[in-house]
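Working notes for the structure below.
Quick note: the coordinates plus some simple rules give every number you see, no bench work behind them. Just so we're clear, the structure is a prediction, and the values are computed from it rather than from any experiment. Neighbour counts are summed over all protein chains in view; Cβ atoms, including those assigned to glycine, are modelled from backbone coordinates with ideal geometry.
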Amino acid sequence: MVEHMLKNKKFPHALQKTMGERLYYQALKKAPTFKSHTICKTIRHSYNPRSKRPFYVVHWACYDGSSNLPMIYMAVIEDSSFEAPRPVERKSGPWGKTRVEEDYLGPGLPNRKLAVDFEKFISANSQYSLNLTTIATAMDRDFPTLHPKQLRRFILGPLSIGGLTENDKRLDDVLASVKDIENNWVLTWTLQELYSKEEVAAKNGIWGASVPKEVYYINTEDPDAVQQGVSATARHALIPHEVYQKAYANAGADKIFSDYQCYIASGEHILRHV
């Protein structure tokens, strides 16, 4: 880089980017990486007194290589099958209220008969290119006794780094003006949510019996929600204080971060809801 500057009398931006990529890959070897897919894990197993069904809260994660984005999924699923394990109701005392014990928490669905097929389904249907309506509808169709009531997706990124990534040109210009390499970055993430507004009976084939199907709510008043096929969406950004100051000074902060709930990092403190 020094030789390039002395000979050509200009800063070697291409060499800087190449060096940054090399340092990035070297850092990946030293630290744990985000796996391409993690098996689902049950974090809650309880009972819905209204529908008379047990329900599971599960989460899993995947890394979409084509979009270079890690994602985390969380779903609330009711189970109407005969094999569905029901949490045991126990009283907390002679006159205490009845409470539901969470009998199974761990890898996979509590319904072990469906656990393997469910794992295959989420492994094949967690790409970024699929919207939540497509995933939830396919799950509802492929598993007649599983009823996805809510599905969330946390999209972690993109992570913008000055001189290394190219995302939004306005943001790239701001990051290029920040000289401190520890502060010339911005991390964004998006939360997408889809939930069922009702359950209706649908025919399974010409002579088949009626099976319950979910009808999902799409917020038609929000163009982003319609385009993404979700009930609601929220964007967030973690921004170093110096970067936000540069964007604000250039009168571009409102334009760059207008759709984001911003969190400003200043030293060891985070300024929220900016």
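How do 210, 123 rank when sorted from fewest to most other Cβ atoms within 10 Å of their own Cβ? Each step should come with its number before you reach the end.
Values: 210 10, 123 15.
Placing the least packed residue first, the sequence is 210, 123.
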Using θ = phi - 60° and Karplus 6.51 cos²θ - 1.76 cosθ + 1.60, couplings along region 149-166 (whole Hz; Gly, Pro as x): 8, 8, 9, 10, 9, 9, 9, 8, x, x, 9, 9, 10, x, x, 10, 10, 10
Top of 11, 143, 154 by mean-square fluctuation, Gaussian network on the chain, Cα under 10 Å: 11
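Using a Förster distance of 35 Å, how high is the FRET efficiency between residue 86 and residue 141, based on the Cβ-Cβ distance and rounded to 0.05?
Details: r = 25 Å, r/R0 = 0.71.
Plugging the Cβ-Cβ distance into 1/(1 + (r/R0)^6) gives 0.90.
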Using a Förster distance of 35 Å, the FRET efficiency for residue 22-residue 117 (Cβ separation, nearest 0.05): 0.20
Those lysines that a straight Cα-Cα span of less than 30 Å connects to residue 52, excepting residues fewer than 8 apart in one chain: 41, 91, 97, 113, 120, 149, 197, 203, 213
Globularity index of region 11-271, i.e. its alpha-carbon radius of gyration over 2.2 N^0.38 Å: 1.25
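What does the extension gain come out to for residue 168 and residue 215, with contour length at 0.36 nm per residue minus their alpha carbon separation?
Values: separation 47, 0.36 × 47 = 16.92 nm, distance 3.63 nm.
The span from residue 168 to residue 215 would gain 13.3 nm if fully extended.
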Backbone HN-Hα couplings from phi across region 189-196 [Karplus 6.51/-1.76/1.60, Hz, Gly and Pro as x]: 8, 10, 10, 10, 9, 10, 9, 7
Choice from 30, 255, 113 showing the highest fluctuation, given a GNM over the chain with Cα pairs closer than 10 Å: 30
Cut-off 15 Å (backbone N to label point 7 Å along Cα→Cβ of residue 263), residues of region 146-160: 154-159
For 1, 139, 19, order by how many other beta-carbon atoms lie within 10 Å, fewest first: 1, 19, 139
Within a Gaussian network of the chain (alpha carbon springs, distance under 10 Å), most fluctuating of 245, 192, 150: 245
Vicinal HN-Hα couplings computed from phi for region 226-242 (Karplus, 6.51 cos²θ - 1.76 cosθ + 1.60; Hz; Gly/Pro x): 5, 5, 8, x, 9, 7, 7, 9, 9, 10, 10, 9, 9, 10, x, 4, 5
